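Here the structure comes first, spelled out in structure tokens, and everything after it is commentary.
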Amino acid sequence: MTRLISTILILLCGLISAQHNITHDVYFETDEYTLIPTEENRLLLFISKLADVDIESIAIFGFCDDVGAPSYNLILSKQRAEAIKTIFSNHEISESLITHVDGKGEILLKIVNENDISKIRGLNRKVEIIINPKPPIIEKEEVVEEPVKETQPTAEVIKGDIKVGDKIRFENILFKTGYSTVTTESKKILEDIAKSLVERTDIYFTIQGHVCCTQYSRDAVDRKTKKRNLSEARAKYVYDYLAKKGVNKKRMRHMGMRRKFPLGGDPKYDRRVEILITHVDKDN
């Protein structure tokens, strides 16, 4: 009896876990493994909604209709899955989260009505995406945590002793995944940084933008403009913001660093900007 109850509990846990998965399907034209614009837009909208999801893993499975040789369909289904993986990577979804990318070949045609054959085949030419979120953290009572080491706010660092070659990271300035705009929580911090830079008229600097999760140091795609220059767009966003707040444009440059300098750890910290001090006017 005890063994039966344990088995039931395991099955229930599996069902509960499965219910929390987030799924999305994208569809392809015959013999194609690139998405048509409407399907790509649907996929990008889905990716944008993952910004607030703490992802445990992602599985991507490709399928084909029943037309064509099984060996051909197996290759095509794999190509479709790989194509979707590439889109995820291009839009700052870490490849370390993608645990399964596989082609499953063809789906056998289930004819309900003679008029439905074409429609059914269209629905079988697809990729299934399964997002497995991390389980919620259950807080334990009476857990003594070590105190968090406080870092000096960036606005205060800028007021201190600065020399040429110093690189100052904009701490707690986080960007929305795939976009050049900062999160709402970051705007007040960026305003404080701008005030400090307005006061420090003696320093000249280059704003460096960074991205996360792309392969081979390629830049990520800016979802707003569809251009592969997201790191540059982030640097330009900060440049324009600082100029608007009163920082002299002659003191600033901006450039994109792509993903040349990942910090490690949580990918969100790679979506960042830093300033590199290029000149200090000692006569100012």
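The values are calculated or read from the model by the stated rules, or taken from the named source; none is laboratory data. This structure is a prediction, so every number in the text was calculated from the model and none was measured. Every residue, glycine as well, gets a Cβ built from its backbone with ideal geometry; the counts of neighbours run over all protein chains shown.
Is it the case that region 223-230 has a residue that's closer than 21 Å to Asn90 by Cβ, under 14 Å from the mean Cα position of the chain (by Cα) and of a type in the set (S, T, N, Q)?
no
In the list Asp202, Asp219, Asp166, which residue meets the criterion of being touching a strand residue (DSSP E or B) at 6+ places or on another chain (Cβ under 7 Å) and at pLDDT below 90?
Values: Asp202 fails: at pLDDT below 90; Asp166 fails: at pLDDT below 90.
After ruling out the rest, the residue left standing is Asp219.
Scanning region 226-246 for residues that are touching a helix residue (DSSP H, G or I) at 6+ places or on another chain (Cβ under 7 Å) and surrounded by fewer than 22 Cβ atoms within 10 Å (Cβ to Cβ), which turns out nearest to Glu199 (Cα to Cα)?
In this case the residue turns out to be Gly246.
What's the total number of residues in region 53-96 that are under 20 Å from Ala220 (Cα atoms) and in a helix (DSSP H, G or I)?
12
Could you check Leu45 against (1) in contact (Cβ under 8 Å) with a residue 40 or more places away in the chain; (2) under 23 Å from Asp270 (Cα atoms); (3) among the hydrophobic types (A, V, I, L, M, F, W, C) and say which number it fails?
(1)
Show the residue pairs that are 6+ apart or on different chains and have beta-carbon atoms under 9 Å apart, the first residue being within region 217-228 and over 13 Å from Leu44 (Cα atoms) and assigned to a loop (DSSP other than H, G, I, E, B), the second being of a type in the set (Asp, Glu) and modelled with pLDDT of 85 or more.
Note: pairs meeting the criteria are Asp219/Glu232; Arg228/Asp222.
Scan region 262-284 for residues that are among the hydroxyl-bearing types (Ser, Thr, Tyr) and at pLDDT 95 or above and jot them down.
Thr278, the sole residue that qualifies.
Scan region 106-124 and tell me whether some residue there is surrounded by fewer than 17 Cβ atoms within 10 Å (Cβ to Cβ), among the polar types (S, T, N, Q) and in contact (Cβ under 8 Å) with a residue 24 or more places away in the chain.
Within region 106-124, not a single residue is surrounded by fewer than 17 Cβ atoms within 10 Å (Cβ to Cβ), among the polar types (S, T, N, Q) and in contact (Cβ under 8 Å) with a residue 24 or more places away in the chain.
Does Lys167 satisfy being surrounded by fewer than 16 Cβ atoms within 10 Å (Cβ to Cβ) and farther than 19 Å from Tyr269 by Cβ?
Judged against the criteria, Lys167 is not a match.
Of the numbered conditions (1) closer than 29 Å to Lys163 by Cβ; (2) part of a helix (DSSP H, G or I); (3) under 17 Å from the mean Cα position of the chain (by Cα), Leu242 fails exactly one; give the number of that condition.
Exception for Leu242: condition (3).
Okay, residues lined up against (1) polar (S, T, N, Q); (2) closer than 20 Å to Leu109 by Cβ; (3) at pLDDT 95 or above; (4) outside the structural domain of Lys226 (by TED's automatic domain parsing):
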| position | (1), (2), (3), (4) |
| --- | --- |
| Glu40 | no, no, no, yes |
| Ile47 | no, no, no, yes |
| Leu50 | no, no, no, yes |
| Glu56 | no, no, no, yes |
| Asp65 | no, yes, no, yes |
| Ala81 | no, no, yes, yes |
| Glu92 | no, no, no, yes |
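What about Ala194, is it modelled with pLDDT of 95 or more, outside the structural domain of Thr86 (by TED's automatic domain parsing), farther than 30 Å from Ile98 by Cβ and surrounded by fewer than 18 Cβ atoms within 10 Å (Cβ to Cβ)?
no
State whether the residues of region 79-89 include one that is in contact with a Pro (Cβ under 9 Å, 6 or more places away or on another chain) and crowded, with 18+ Cβ neighbours inside 10 Å.
No.
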